[in-house]
Amino acid sequence: MLSRRHFLAGAGSLIGAGLVSKAGAATIPEAQIVQHADTLPPPLPPNGRPFHPVVTLNGWSAPWRMKNGWKEFHLIAEPVIRELAPGMKATLWGYNGSSPGPTIEVVEGDKVRIFVTNKLPEPTSIHWHGQRLPNGMDGVAGVTQPQIPVGKTFVYEFEARRAGTFMYHPHADEVTQMAMGMMGSWITHPRDPALHRADRDFVFLLNAYDIEPGSSTPKVNTMTDFNLWTWNSRVFPGIASLPCRQGDRVRIRIGNLSMTNHPIHIHGHEFEVTGTDGGWVPKTARWPEVTTDVAVGQMRAIEFDATDLGDWAFHCHKGHHTMNAMGHDVPTMIGVDHRKIADKIIRIIPDYMVMGERGMADMGEMEMPIPDNTLPMMSGHGPFGPIEMGGMFTLVKVRKDQKPGDYTDPGWYRHPSGSVAREA
Amino acid sequence: MLSRRHFLAGAGSLIGAGLVSKAGAATIPEAQIVQHADTLPPPLPPNGRPFHPVVTLNGWSAPWRMKNGWKEFHLIAEPVIRELAPGMKATLWGYNGSSPGPTIEVVEGDKVRIFVTNKLPEPTSIHWHGQRLPNGMDGVAGVTQPQIPVGKTFVYEFEARRAGTFMYHPHADEVTQMAMGMMGSWITHPRDPALHRADRDFVFLLNAYDIEPGSSTPKVNTMTDFNLWTWNSRVFPGIASLPCRQGDRVRIRIGNLSMTNHPIHIHGHEFEVTGTDGGWVPKTARWPEVTTDVAVGQMRAIEFDATDLGDWAFHCHKGHHTMNAMGHDVPTMIGVDHRKIADKIIRIIPDYMVMGERGMADMGEMEMPIPDNTLPMMSGHGPFGPIEMGGMFTLVKVRKDQKPGDYTDPGWYRHPSGSVAREA
Amino acid sequence: MLSRRHFLAGAGSLIGAGLVSKAGAATIPEAQIVQHADTLPPPLPPNGRPFHPVVTLNGWSAPWRMKNGWKEFHLIAEPVIRELAPGMKATLWGYNGSSPGPTIEVVEGDKVRIFVTNKLPEPTSIHWHGQRLPNGMDGVAGVTQPQIPVGKTFVYEFEARRAGTFMYHPHADEVTQMAMGMMGSWITHPRDPALHRADRDFVFLLNAYDIEPGSSTPKVNTMTDFNLWTWNSRVFPGIASLPCRQGDRVRIRIGNLSMTNHPIHIHGHEFEVTGTDGGWVPKTARWPEVTTDVAVGQMRAIEFDATDLGDWAFHCHKGHHTMNAMGHDVPTMIGVDHRKIADKIIRIIPDYMVMGERGMADMGEMEMPIPDNTLPMMSGHGPFGPIEMGGMFTLVKVRKDQKPGDYTDPGWYRHPSGSVAREA
């Protein structure tokens, strides 16, 4: 699924001045394109300062080119097709074939040059959220730079002054472009690779879409009533699991670029927030938590020791963020035997969804047809039957034999005798 | 109002394996049932390790049976009727006659066995939010156990490994079942009863319902537009006051199982968050606050010294969470004398509610009929007239002569001369 | 624009008892009235204990009168006209000509007397959020005092016991009156003026309005769907910039009296929350941040060193809070060439707003008429073209030559060579 495109700057392209030599501007590094949603753990850095790469959930890290001491990346802003989960594809905007775009990983002190090519139908820009940089590189269209016109390439150049976890996203027609999926993660690793070392280091972004059942393009003016709550533009059961070896120190970096808070919750373990997009949280200031509320425009790095074996739910705790689209405005039928009349109502109101008079779990019994390219509201099957989840839900899987560097899903946990219930 | 039912496990019931002996499975402890909403401070523990019980606001703590070193509880998931405030009853689902269910109180190191009988019309399960336990006891239907079928009993068994404040709720058709009121508090007291000792120790849960005026069953698919914002399924003026003696160290443990953040605010005192569902907050990490934002799926234990006498408002600071149902979509009439036309409009649009051209306070003047089983939007009378509140609002009442262990409402505060205003 | 009114207490006015002498009640201090929205940095205190005054963004600080050792203020609750930004005026309720009302600044230990005159069409009261005070001065109508009737004056008296940042707002028909703009900031400066000293010290409140395009009076029953997200009742491009000198220690005190959380974000710098309405945050407890989530009913004082020159965006990170009214419910047109049909649709649905099939940035091209007294949804022009923002957005402007005490907008930043991009 990997493909590569070589991109040559056309005449009249927008190029950063100053530090870009004529020779440098003449050749723009090729942009790697990834069009699937598998988790692609990156290799160890082939050149430049050493670091321990992060694993982007259902994503990948951008390769770079070293050129005269600069680390050069190339991002192409463009329409993309994103599978949200098997059975549903969305027409989004992203970078280099993906939404979110690739994670950018550099090291504290690196001189970084990012070529941004605009293949969208409207102008754009990129703001490098959280970073210390010259004002002219901050990416706020109108204020610190002109918009990047359609078809042009803009060059951002700055030193990665501060180690930490950051995000990138447009700051031109910003609400539309983020509602379409334009965003990505950025890690600036510490100069000393031993600092803040974790055995597993994951990153993903919280985002959300409002896509009518049967449709594929998000409604870009929705402010709060999104119907697809996503991690890196994926919903359960499409979100990869987080496999760990028992005893691992696990870090999960979570950035929120949706429109509301997401209280991220883990089962069976306590964690601490050890870092934000503002820096590392001093040890004296940390709180023990099982749920941390990640506000919009915040990055939270949480850490815990994966001490206990098993499949531990890891999800947003707002109930309606662990459901997929459809069915939010249905009347209550609890206490009413509706099976005799539901079929009649559906003939009149085609998108009518009845809720069982015994709760929601018997929805399947109604055998209601679902539109094409639409996910069921509650979904997933585990070793013990239906899971009835959607949206921002996955599992941290702690295993005795998961190897370092192995991120393949280890499958379902076999409960040792004595900890699982069964019929007597 | 207290009643008791003796429950015998029928053939084919679902029983936890392993540590449950044949003898143990044969008899299930009786389940205490409480069907009113009074605050019932529990007695000191009659057996097992000693602890200082908490006081559940408008609630109660479940009794247990000691059996071969195990502390046995019995929860029955079932439909219940809950009075939200005098004048309104809701048809909910809960445990043992109540919504929320009884608070479970154990001691660090206790071996705990909970029999869960499903008397709902659909399958259920219980997740023990925040606890360290074997994966098979975590209660996530499909992932760690099968759903508990209608009519069956499931047995959860685990050691209370970590002291703290927790919650319990279903993890099967979870959004529906929590929207119907299924939840409860859980306290694991520290092994040393002197640790983290407070003079007053309250607990309650934040929840919310969407019940049409005149109706009694919640709409279970509401995601954000709830119209009844509740503490332990009660609204002002139905929420009990929190009586304290001047000088008391007061702890209030607040868990959020609604769908949005609740900024909990106290008047006249500052507090610190001293504990979460993840553990105790180190002293170096605490912030002085008058409002703490409790996110969904979070427990916050706040503490303060009740230094100042009086009736201190204690409420969610989101204004529309301190109002009851009705009237959210009415047009603005400020500046318009509507009294001549309001009656005409109401004849056309029966549920039309006019807002006074002088504000909302003169709504009473309109003498609009309120549907049966519906609370006024703004309510309550104090020593100085109308209080105009609803929802998540009550009072912390600090008195010189409130006795330790006395939780009866001490009535209104008499302002000492010099601190109360009056007409000159 | 400054005017002054002398206000004499009429017979039968409501006067605080106890410490108010007959002589004191006879004369009420004059109330300064300010009816514009300029930032008015207050002078150094002319009498009483010395302090470093704060700068209220698009606001002012109330003068006081010293009388027998009491600091006397006079607030008049009344209808006001507020310009939200050039081109739009709102009909609000406020204090002394403004919404928000003037900032009240006192010193720890001051004896404070506030005369509150009610010139609204309905009763009111004032609650002094966060303060330690006698219960009878807490301002909760019905509970601690009667409502202040129309036309009457109430006297609040208490010692400013605790230094910090507070708020004031009604606690009678509270949701209506706050939805109409009634609120203000309160600073109690520390007794030692050197304590917590900052070079720049700003304060403002987060609020929100729901005003139909073409209208001027807020809908007071809106709970969450506000369309004008404001700082001190101003929206971009009407919000003043925050001018700083490079190297300044900057404090910004932000109180939230809207109905939802606001994640406040700064570009190019990290900050710490150093204070809340509950007190100063200990150094060991502080987190480095670039975004802090200010919950409803919370005050957050953030501090940073203005190290880096430039125009740094400072805004709420919820995208729809950086847009003005209009256009939230439009269908997605991305991928559809609508220019041929848009005009026809507008003839049928007059308030129909089309979104460009290439994004939102080409909305201007449609040349749609905007109703009178309505702001464009995305607005503002900088040195590099359209900024496309609204709502809760402004700039922190860091300059080498900004003088201490100078709060005039320094204009746009000139990027030094090498840090700004341009066409090659």
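For this structure, a couple of remarks:
- Residue match in region B:273-289 (condition: in a strand (DSSP E or B), charged (D, E, K, R) and away from chain A (no Cβ under 14 Å)): no
- Within region C:387-405, the set of residues being surrounded by fewer than 21 Cβ atoms within 10 Å (Cβ to Cβ) and either farther than 18 Å from C:HIS415 by Cβ or touching a helix residue (DSSP H, G or I) at 6+ places or on another chain (Cβ under 8 Å) (or both) comprises C:LYS403, C:PRO404, C:GLY405.
- Hits in region B:89-103 - residues which are buried (at least 24 other Cβ atoms within 10 Å of the Cβ) and hydrophobic (A, V, I, L, M, F, W, C): B:LEU92, B:TRP93
- Counting only strands (runs of 3 or more DSSP E) that fall entirely inside region B:26-119 and contain at least 3 residues that are without any contact (Cβ under 8 Å) to a residue 40 or more places away in the chain, no element qualifies.
- Looking only at region C:190-222, and only at residues there that are of a type in the set (Asp, Glu) and within 11 Å of another protein chain (Cβ to nearest Cβ), the one that is nearest to the chain's Cα centre (by Cα): C:ASP210
- Scanning region B:305-313 turns up no residue that is facing chain C (nearest Cβ under 7 Å), more than 22 Å from C:THR144 (Cβ to Cβ), in contact with an Asp or Glu (Cβ under 9 Å, 6 or more places away or on another chain) and part of a strand (DSSP E or B).
- Among the criteria (1) of a type outside the set (D, E, K, R); (2) surrounded by 17 or more Cβ atoms within 10 Å (Cβ to Cβ); (3) at pLDDT 95 or above; (4) more than 24 Å from the chain's Cα centre (by Cα), the one B:HIS317 does not fulfil is (4).
- Enumerated strands (runs of 3 or more DSSP E) restricted to region B:146-239, each holding at least 2 residues that are at pLDDT 95 or above and more than 30 Å from B:PRO29 (Cα to Cα): B:200-209, B:228-231
- Hits in region B:261-272 - residues which are facing another protein chain (nearest Cβ under 7 Å) and part of a loop (DSSP other than H, G, I, E, B): B:ASN261, B:HIS267, B:GLY268, B:GLU270
- Pairing residues of region C:381-406 that are more than 7 Å from chain A (Cβ to nearest Cβ) with residues that are in a strand (DSSP E or B) and modelled with pLDDT under 95, at Cβ distances under 6 Å and at least 6 apart in sequence or on separate chains, gives C:MET389/C:GLY380; C:GLY390/C:SER379.
- Search result, residues across region A:239-285 that are buried (at least 24 other Cβ atoms within 10 Å of the Cβ), within 25 Å of A:HIS381 (Cβ to Cβ) and of a type in the set (Gly, Ala, Ser): A:GLY268
- For B:GLY109: the one exception among (1) farther than 25 Å from B:TRP231 by Cβ; (2) buried (at least 22 other Cβ atoms within 10 Å of the Cβ): (2)
- Of all positions in region A:121-141, at least one carries a residue that is touching a helix residue (DSSP H, G or I) at 6+ places or on another chain (Cβ under 8 Å), part of a loop (DSSP other than H, G, I, E, B) and at pLDDT 95 or above.
- Checklist (1) touching a residue at least 24 places away in the same chain (Cβ under 8 Å); (2) surrounded by fewer than 23 Cβ atoms within 10 Å (Cβ to Cβ) applied to B:GLN147, failing item: (2)
- Region C:214-238 residues that are within 22 Å of B:HIS320 (Cβ to Cβ) and not assigned by TED's automatic domain parsing to the domain that holds C:ASP38, paired with ones that are part of a loop (DSSP other than H, G, I, E, B) and hydroxyl-bearing (Ser, Thr, Tyr) (beta carbon under 6 Å, 6 or more apart): C:THR217/B:THR332; C:LYS219/B:THR332; C:VAL220/B:THR332; C:SER233/C:SER99
Conditions (1) crowded, with 21+ Cβ neighbours inside 10 Å; (2) facing chain B (nearest Cβ under 9 Å), marked per residue:
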{"site": "C:ALA77", "(1), (2)": "yes, no"}
{"site": "C:GLY87", "(1), (2)": "no, no"}
{"site": "C:PRO134", "(1), (2)": "yes, yes"}
{"site": "C:ALA141", "(1), (2)": "yes, yes"}
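- Some residue of region B:201-217 being within 24 Å of B:ILE302 (Cα to Cα) and surrounded by fewer than 22 Cβ atoms within 10 Å (Cβ to Cβ): yes
The values are calculated or read from the model by the stated rules, or taken from the named source; none is laboratory data. From a predicted model like this one, the values you see are computed outputs, not experimental measurements. Positions of Cβ are generated from backbone atoms using ideal geometry, with glycine treated the same way; all protein chains shown enter the neighbour counts.
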